[in-house]
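Novice: One structure, pasted below without further comment.
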Amino acid sequence: MALLDILEFPDPRLRTKAAPVAEVTDATRNLVDNLLETMYAAPGIGLAATQVNVHQRVLVIDVSEEHNQPLVFINPEVTVLNPELGEYDEGCLSVPGFYETVQRPQRISVTALDRNGECFSRELDGLLAICLQHEIDHLDGKLFVDYISPVKRQRIRKKLQKEQRRQD
């Protein structure tokens, strides 16, 4: 397994729409393992392949307290079960150090493939539902900062660019 570099906003590669996985192979499972290792090391509760510059519809999540219940979603498809929106303060490994309130549906169902290529469906709510929607946004080339005002987004962009220049 390997730690992968996480792209940071405003990197344009984060805007790439991920392609569906045609077949779950050993390479796919290796990507899943690397995503999990990178997510846990960051530390985070979710990571999409797009965030590590791999443009395949693969994401991992672990919202458990002990960080021992990893979930894998390949080619996830979401259906909103309840259109009522909930507000959550979201952060992102690709937008380090920033948290903003985002509204998302609170109850969803998802159909996806697991790490072995087996299809499954689940109903989700709470943090897990929010996290999944956040990660699917990454696969679609969206970031949580797209849900906030242009002024706030520009302020975050400038601060991150300044920090990135300082590190170079």
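Okay, residues lined up against (1) of a type outside the set (A, V, I, L, M, F, W, C); (2) closer than 30 Å to Arg157 by Cα; (3) in contact with an Asp or Glu (Cβ under 6 Å, 6 or more places away or on another chain); (4) part of a loop (DSSP other than H, G, I, E, B):
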residue: Gly91; (1), (2), (3), (4): yes, yes, no, no
residue: Pro96; (1), (2), (3), (4): yes, yes, no, no
residue: Gln103; (1), (2), (3), (4): yes, yes, yes, no
residue: Ser109; (1), (2), (3), (4): yes, no, yes, no
residue: Ala112; (1), (2), (3), (4): no, no, no, no
residue: Gly117; (1), (2), (3), (4): yes, no, no, yes
residue: Leu124; (1), (2), (3), (4): no, no, no, no
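Novice: Touching a strand residue (DSSP E or B) at 6+ places or on another chain (Cβ under 8 Å), surrounded by 16 or more Cβ atoms within 10 Å (Cβ to Cβ) and closer than 30 Å to Thr25 by Cβ: is that true of Ile74 in this structure? Don't jump to the end; show me each part of the working.
Specialist: Working: touching a strand residue (DSSP E or B) at 6+ places or on another chain (Cβ under 8 Å): yes; surrounded by 16 or more Cβ atoms within 10 Å (Cβ to Cβ): yes; closer than 30 Å to Thr25 by Cβ: yes.
Taking the combined requirement at face value, the residue satisfies it.
Novice: Under 8 Å by Cβ, and 6 or more places apart or on different chains, what pairs join a residue from the range 131-157 that is more than 18 Å from Ala18 (Cα to Cα) with one that is among the aromatic types (Phe, Trp, Tyr) and open to solvent by less than 50 Å² (accessible area, probe 1.4 Å)?
Specialist: Going by the 8 Å Cβ cut-off, the qualifying pairs are Val145/Phe9; Val145/Phe98; Ile156/Phe9; Ile156/Phe98; Arg157/Phe9.
Novice: Mind telling me which of the residues Glu66, Glu87 ends up being within 30 Å of Lys162 (Cα to Cα), open to solvent by 30 Å² or more (accessible area, probe 1.4 Å), charged (D, E, K, R) and not in a helix (DSSP H, G or I)?
Specialist: Working: Glu66 fails: within 30 Å of Lys162 (Cα to Cα).
Criteria check complete, one pass: Glu87.
Novice: Look at the range 58-71 and say how many of its residues are within 18 Å of Asn30 (Cβ to Cβ) and among the β-branched types (Val, Ile, Thr).
Specialist: 2
Novice: Step by step: first the residues of the range 1-38, then only those that are among the small types (Gly, Ala, Ser) and assigned to a loop (DSSP other than H, G, I, E, B), then the one that is least open to solvent (accessible area, probe 1.4 Å). Which residue is that? Steps first, please.
Specialist: Of all residues in the range 1-38, those among the small types (Gly, Ala, Ser) come to 2, 18-19, 22, 27.
If we keep only those that are assigned to a loop (DSSP other than H, G, I, E, B) as well, we get 2, 18, 22.
Numbers: Ala2: 41, Ala18: 7, Ala22: 110 Å².
Here the answer is Ala18.
Novice: In the range 126-168, what residues are open to solvent by 20 Å² or more (accessible area, probe 1.4 Å), of a type in the set (Asp, Glu) and modelled with pLDDT of 95 or more?
Specialist: Asp140, Asp146
The values are calculated or read from the model by the stated rules, or taken from the named source; none is laboratory data. Note that the coordinates shown come from a computational prediction; the quantities given were computed from them, not determined experimentally. Counting neighbours? That spans all protein chains shown, and the Cβs are built from the backbone with ideal geometry, glycine included. Each accessible area value is taken on the protein alone, full model and side chains, heavy atoms only, with ligands, DNA and RNA left out. Shrake-Rupley method; radii C 1.70, N 1.55, O 1.52, S 1.80 Å.
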